[in-house]
Amino acid sequence: MRRQIPLYIVLVSGIVFVIQFFIPSHESEFIFEYGQDWVMVIGILALPLGIWSYLRKTCLTAVKKPKERFFAGVSLFGFAIMMLTGLRRESLMAGSLYMDLFNYILVPIQATIFSLLAFYIASAAYRAFRARSVIATLLLGTAFIVMLRLIPLGPISDANQALVAWILSVPNMAAKRGLLIGIGLGAIATCIKIILGIERTYMGRD
Amino acid sequence: MNFYEKMLNIDRRWIYLVLAIAVILPAVVSFYVPVNVTPEVRRVYDFIEDLEPGDKIYVGIDYDPASLAELHPMAYAILDQCFRKNLRPVVATLSQFGAGMAEQALADVASKYNKASGIDYCYLGYKPYPAITIMLMGVDFRVPFPQDYYGTPLDSLPLMRYVHNFSDLSGVIDLTSGNTADFWIIYGYGRYFMPLALGVTGVMAADYYPYLQSGQIFGLISGIKGAAEYEALTGYKGEGLKSIPYQTASHVIILAFIIISNIGYFASRRREK
Amino acid sequence: MNRFKIRLALLLISASVLLLFGYISSPGEELEAPPEPLPAPPTNVVISDHPNDDGHTTIVSWQLSEDDGGGLNNVMAYEIYRSNAPDGEFLQVGVMGKGLSSYVDRGEKEKTQNGEPNPRYIGAGIDYYYKMRAKSTTGTYSEFSELVVGQAKNNWYHTGKTNILVAVLVFSFLVVYFINAARKGKELYVRPIAGINAVDESIGRATEMGRPILFVLGTGTAADLATIAGYTILARVAKMTADYQTKVLVPVNEPVMLAVAQETVKSAYLEAGRPDMYDEKNIFYVTAMQFPFVAAVCGLMLREETATNFYMGVFHAESLILAETGSISGAIQISGTDQIAQLPFFVAATDYTLIGEELYAASGYLSKEALLLGPIKAQDYTKAILVVLLALAVITWSFGWGFFKSLISTIS
Amino acid sequence: MTTVELLWNGLAAFLTLCIFSFLYKDNPFYKFAEQLVAGVALGYWTMLLYHTTFTDKVLFPIFQQGKLHYILPTIMGIMMWTRFSKKLAYLSRIAIAFYIGVGTGVGLPLYMYNYVFRQLQATVVPLNVSWLGFNSLLMVVFIICTLIYFFFSKEHTGAFGGFSRVGIYTLMVGFGASFGLTVMGRVALLVQRIIFLREYFIALFGS
């Protein structure tokens, strides 16, 4: 029973929302919006689970590993200060401490982590772009040609530019479309497996 | 481990260091390097360059602040060219957060050339729902924009008095970071067949080359590189050209690394044999 | 999709509002004694229901004025007016340019506005009265056309989506058919996929080294299909590690994903007969935001010295950060995503990559169960059908025959 | 910059350098920034969701608009909390089932429409004897080959294997192009961080 009920819920809700796609009436629109809100509410109310998981792990680390205590403390401090400064709704306005902490801690760290990619893309190119096989050669060759467009080489650049435009609009576009169609079919097959209860590992068992 | 194998397994921190130097130097000390101009950018430049003084052209500033770095330089370079040629740009924005940016760009360049709003240029401001607005501008600018951004009715503006729709303009240049590009192609060019060129972000470029081939757009400026090309053509030294030294340097470094890595790979393989 | 519809409706509504203001402020109506003759009005105005919607929209169509493109040739636009009663107040709902002969009148969905009846509301099954006139290039107007009446309908089937419906039904049928065939013992061949073959080996390696395995389900949500495909792979990996007694670390960025991942690993250990091995704390929530999450996972890789890293799910820009950090720590890395913008980085920087559809096929491959291999066969047959359809459509369309093209064309 | 701004930006600059130090190797400074940002991000996110989504989707509809049908999703959301109890944990599966069920149900036809039909539709253009027509033909051929590469239940040998090879070659060319295109944007991000640091140090020490 405990295992059957969730599977029926997946079946019914799945089929309802598949059918909904084909019905334009306002009753159907209502169901769609309600369903989306429903999922969103579950997502928000699940957040305490995440917070509990985070607090338990961080506190356990602090207790068990004296060396890690400082860092766990830093993390908990960051969490606590955001919760406290963000208590009032006005905190979301620019100029509040909550927003300042967002702008001067979160934003710069996120932007810097993002910018590490410039280094990683260079080292990935160095390690991976070796002409070991036809496949690897095509990968590196195309990347090479596309990157070459930034370098002024006189008449070679003009020819290269035409080649880049062709690569982007023909093989690149074809690869994207082929990939998307494949992904679409794979995703739909997964949907069907989930809705019919064939794939149920995610549901757990007793 | 021989030399080539060592080279192949080089500590990646050397790569980071070389790249950092290549990027930091040009970013800290500004200088210019030549940039290779692509035909799709040159066509936009030539199109504007061939217009007669007094001609009117629509410039759409349809991007949001997130794409400012790539598209703002294009707006400056194009408006600079328009004012230098004594053309009269009609500017509007279909992006929710674009109104302020568009006004800033227009006011900056206009003041440089001492141009007056309503006579030498017209700023219509922002209207939501791009597809409809584009179609209605094709009927008459007065329908979506009864007044300009500053509240003056269009009929009172000397520039707009005899301008009704796209057929009274020489063409449309749309700078965009979103789906307004599609709307301009479908609802603008598709209905009214005015000459249309696009300025888009680097990642969007691949999606719009096919329109270039099919002739639905006559020119395409993409990303900061496209902006730099345009600046190189107009001689306007802006953010686009400033970015080229470090972009070129970083690309050269990465390409050099790829070449070195392959030399090392083939040399070490030959040794094995 | 739906949000798009609402936006589109709003867009038309506010465009009509703008139009109204535009014309209130336009001086056209006050002109006296027009110097030119007035244009003829449009004729044969017809009101019909806008198909495939929820009953707040009508279509107004008409025959062009005699002076549009001919005659005096002075028509600039057409104005469309609507009212709930033949003698009621008429509201200008739209303007169309010359040469155009239909208008989609999207009404608002709210019956009342601030307690007052909303004049822009259109409801299903209610009579609405329309009249139109032409506007000339000099700002003069024709007579109004004859008053006509029509209704909007609340539609129960979207006719433009029939081919999608057929495709969904055919595909579902094939899935069920091949599952049954496989159950009856029909042997199904599947070609080898390097990334999947490497799963066993890489788990073995981690076991030998006595180091943990890292499994990242991406930065999507719990219900993204790539994440769901990720759970199924996690289940197989967890089951194998239960046999080998190797630790699997699963940091996640969404609380529902946390719950699902915990259930997945728990049931895998149960299935392997090692429920005692399961430790809920190894599947933990880090934080919801992309880059802080990635920073923590990168730190984890280096400090826990994970021997094998799996990246299966929805990934964004962080793909390369994870893959490069993993390669610094010397881990074997197997990745899979349906995000085509990130595939190049996984292909370049990880040892094995499940490209797009391969990620979805992986659960069938890993389990080798008939139930899960059946759908793979169905996917292949559907692909074959699509290849044939595509080729036919392109060839016939080149000769001007649009039948096959229409089979794969849908609503825009 | 005012003194307050200087202090805030100093914090931002310090954290920026902490993250960059990871390029050399994992170290306490990086770990400090990483741990801090994990906590800050979670706290920020929690309060943001509370003030926006929770208020808009739970508090406001139920208590102000009187939309009582919003109590059901709330109950189901609260069921997720049964995971704290061993006995009742199975109840959370009902919520998970609904979450996954809606997600897959909504996704199924949309994948068919966006990923399959729209891609096919965009590919159907008339072929003719011209450079454009030739490119359209190549596009169709490459797409078909890519799809053939994704055939799982047939051995990739003979002519079929040949098409499959062309398919994987097409994919690799596409990946290479994406890789090459991305470099520019990533370098631009790095330069923005460098410019931020430079401006901060100029403000601090004077140029």
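The values are calculated or read from the model by the stated rules, or taken from the named source; none is laboratory data. Given the structure is predicted, the values throughout are model-derived calculations rather than measurements. A quick note on method: Cβ atoms are made from the backbone with ideal geometry, for glycine too, and the neighbour counts reach across all protein chains shown. Accessible surface is based on the protein model in full, side chains and every heavy atom, while ligands, DNA and RNA are left aside. Shrake-Rupley method; radii C 1.70, N 1.55, O 1.52, S 1.80 Å.
Calculate how steeply helix B:68-84 sits against the longest principal axis of the alpha-carbon atoms of chain B, using the helix alpha-carbon long axis, and give the answer as 0 to 90 degrees to the nearest 10. That works out to roughly 50 degrees. Extension gain for B:Ala256 to B:Val28 (0.36 nm times residue separation, less C-alpha to C-alpha distance): 79.8 nm. Within chain C, the whole DSSP H helices whose Cα atoms reach 27 Å or more along their own axis and whose mean Kyte-Doolittle score is at least -0.5 are C:2-25, C:162-183, C:225-244, C:370-398.
Sketch the reach of a paramagnetic label on B:Lys112 as a point 7 Å from Cα along Cα-to-Cβ, and name the residues of the stretch B:52-74 whose backbone nitrogen lies under 14 Å away. Answer for this model: B:72-74. Please list, or write none, the lysines whose alpha carbon is within less than 19 Å of the alpha carbon of D:Lys57, excluding same-chain residues fewer than 8 places away. Output for D:Lys57: D:Lys67. The largest accessible area among D:Phe205, C:Phe346, C:Phe90 belongs to the first residue in D:Phe205, C:Phe90, C:Phe346, and the rest follow in falling order (1.4 Å probe, all chains).
Given R₀ = 35 Å, FRET efficiency for C:Met209-B:Ile263 by Cβ-Cβ distance, to 0.05?
On the way: r = 33 Å, r/R0 = 0.96.
After rounding to 0.05, the efficiency reads 0.55.
State, as an integer percentage, the relative contact order of chain C based on alpha-carbon contacts under 8 Å between residues 6 or more apart. Don't jump to the answer; show the numbers that get you there.
Working: 742 pairs, mean separation 56.7, N = 412.
It rounds to 14 percent for chain C.
Taking the stretch D:66-173, which trypsin sites (Lys or Arg not before Pro) meet the DSSP loop condition and have no more than 11 other C-beta atoms within 10 Å?
Working: sites: D:Lys67, D:Arg83, D:Lys86, D:Lys87, D:Arg93, D:Arg118, D:Lys154, D:Arg165; in loops: D:Lys67, D:Lys86, D:Lys87, D:Lys154.
Filter output for the stretch D:66-173: D:Lys86, D:Lys87.
I need the per residue convex hull volume for chain B, using only the alpha carbons, in cubic angstrom as a whole number. Mind showing how you got there, number by number?
Values: hull volume 38.9 nm³, N = 273.
Hull volume over Cα atoms, normalised by residue count, gives 142 Å³.
Could you please put A:His26, B:His251, B:His164 in sequence from largest to smallest accessible area, using a 1.4 Å probe? Walk me through the numbers before you get to the answer.
Details: A:His26 85, B:His251 0, B:His164 60 Å².
Sorted by accessible area, descending: A:His26, B:His164, B:His251.
Couplings 3J(HN,Hα) of the stretch A:79-92, computed from phi: 5, 4, 5, 5, 5, 5, 5, x, 4, 8, 5, 5, 4, 6 Hz, in residue order, whole Hz [Karplus 6.51 cos²θ - 1.76 cosθ + 1.60, θ = phi - 60°; x for Gly and Pro].
Evaluate 2.2 N^0.38 Å with N set to the residue count of the stretch D:127-207, then give the Cα radius of gyration divided by it. Intermediate values should be presented prior to the final figure.
Values: Rg = 23.1 Å, N = 81, 2.2 N^0.38 = 11.7 Å.
Taking the Cα Rg and dividing by 2.2 N^0.38 Å, one obtains 1.98.
Which peptide among B:41-51, B:196-206 comes first, and what is the full order, when sorted by highest mean count of other Cβ atoms within 10 Å? Working shown, then result.
On the way: B:41-51: 18.5, B:196-206: 23.7.
Packing order, densest peptide first, comes out as B:196-206, B:41-51.
Using 1/(1 + (r/R0)^6) with R0 = 25 angstrom and r between the beta carbons of A:Leu97 and D:Phe201, what's the FRET efficiency to the nearest 0.05?
Values: r = 26 Å, r/R0 = 1.03.
Efficiency for this residue pair is about 0.45.
Can you tell me which of A:111-122, C:397-408, C:321-332 comes out highest on packing, and rank the rest after it, using the mean Cβ neighbours within 10 Å?
In decreasing order of mean packing, A:111-122, C:397-408, C:321-332 become A:111-122, C:321-332, C:397-408.
Relative to the longest principal axis of the C-alpha atoms of chain B, give the angle of the C-alpha long axis of helix B:130-139, reported between 0 and 90° and rounded to the nearest 10°. Value to nearest ten degrees: 40. The mean count of C-beta atoms from other chains within 10 Å of the C-beta of residues in C:262-271, rounded to a whole number, is 4.
Of all chymotrypsin sites (Phe, Trp or Tyr not before Pro) in the stretch D:22-89, which ones are in loop regions per DSSP and have a Cβ with at most 13 other Cβ atoms within 10 Å?
Working: sites: D:Phe22, D:Tyr24, D:Phe29, D:Tyr30, D:Phe32, D:Tyr44, D:Trp45, D:Tyr50, D:Phe54, D:Phe63, D:Tyr70, D:Trp81, D:Phe84; in loops: D:Tyr24.
Here the sparse-neighbourhood loop sites are D:Tyr24.
Computed extension length for C:Ala341-C:Lys281: 18.3 nm, one decimal, from 0.36 nm per residue of separation with the Cα-Cα distance subtracted. Considering only C:Asn253, C:Asn52, C:Asn44, the mean-square fluctuation computed in a Gaussian network model of chain C, springs between alpha carbons under 10 angstrom, is largest for C:Asn44. For chain B, the longest principal axis of the Cα atoms and the long axis of helix B:223-234 meet at an angle of about 70 degrees. Rolling a 1.4 angstrom probe over the protein assembly as shown with all protein chains present gives an accessible area of which 61% lies on carbon and sulfur atoms. The label-point distance for D:Phe63 and D:Leu138, in a model that sets each label 7 Å from Cα toward Cβ, rounds to 6.4 nm. Sort out for me the Cα centre separation of the stretch A:47-63 from the stretch C:176-200, rounded to whole Å. Centre-to-centre distance over Cα atoms comes out at 41 Å. Taken along the Cα-to-beta-carbon direction at a fixed 7 Å, the label points for B:Lys6 and A:Ala131 span 2.6 nm.
Per q in 0.15, 0.28 1/Å, what log10 I(q)/I(0) does a Debye calculation on the alpha-carbon atoms of the stretch A:92-157 return? Values returned for q = 0.15, 0.28 Å⁻¹ are -0.68, -1.09. In chain C, the inverse of the mean reciprocal separation of distinct Cα atoms equals 26.6 Å; this is its Kirkwood hydrodynamic radius.
Please give the FRET efficiency for D:Leu72 paired with C:Thr137, using the beta carbon to beta carbon distance and R0 = 51 Å, rounded to the nearest 0.05. Present the calculation step by step, with values, prior to reporting the outcome.
Working: r = 59 Å, r/R0 = 1.15.
It comes out at approximately 0.30.
To the nearest hundred square angstrom, how large is the accessible surface buried between D and A, total for both chains, probe 1.4 angstrom? Display every interim value, and only then the final one.
Working: alone 16990 and 17040 Å², together 23730 Å².
Adding both sides of the contact gives about 10300 Å².
With protein chains left intact and a 1.4 Å probe, residues in the protein assembly as shown average 39 Å² of accessible area per residue. Across the stretch B:112-172, Cα-Cα distances exceeding 13 Å account for 62% of all pairs.
For chain B, what does the relative contact order come out to in percent, with C-alpha contacts under 8 Å and a separation of six or more?
Rounded, it is 28 percent for chain B.
Stokes-Einstein D for the stretch A:1-64 at 4 °C, 1.567 mPa s, Kirkwood Rh over Cα pairs, in µm²/s?
Numbers: Rh = 14.7 Å.
Approximately 88 µm²/s, per Stokes-Einstein.
Springs between Cα atoms under 10 Å define the GNM used for chain C, and in it the highest mean-square fluctuation of C:Arg191, C:Arg106, C:Arg236 occurs at C:Arg191. With only the Cα atoms considered, the protein assembly as shown has a convex hull volume of 198 Å³ per residue.
Kyte-Doolittle mean at least 0.5 and Cα extent at least 20 Å along the axis: which DSSP H helices of chain D qualify?
Helices meeting the criterion: D:3-20, D:28-49, D:92-110, D:131-149, D:158-205.
Compute the distance in nm between two label points, each set 7 Å from the Cα along the Cα-to-Cβ direction, one at C:Thr162 and one at A:Thr61. Simple spin-label model gives 6.0 nm for this pair. Where in the stretch C:375-412 is the amide nitrogen less than 20 Å from a point lying 7 Å along the Cα-to-Cβ axis of D:Val129? From the stretch C:375-412, the list is C:395-401. Our helix-only sum for chain C, with -39,500 (n - 2.57) per DSSP H run of n ≥ 4 divided by its residues, gives a mean residue ellipticity at 222 nm of -14500 deg cm²/dmol.
Considering all C-alpha pairs of the stretch C:108-257, those separated by over 18 Å amount to 80%.
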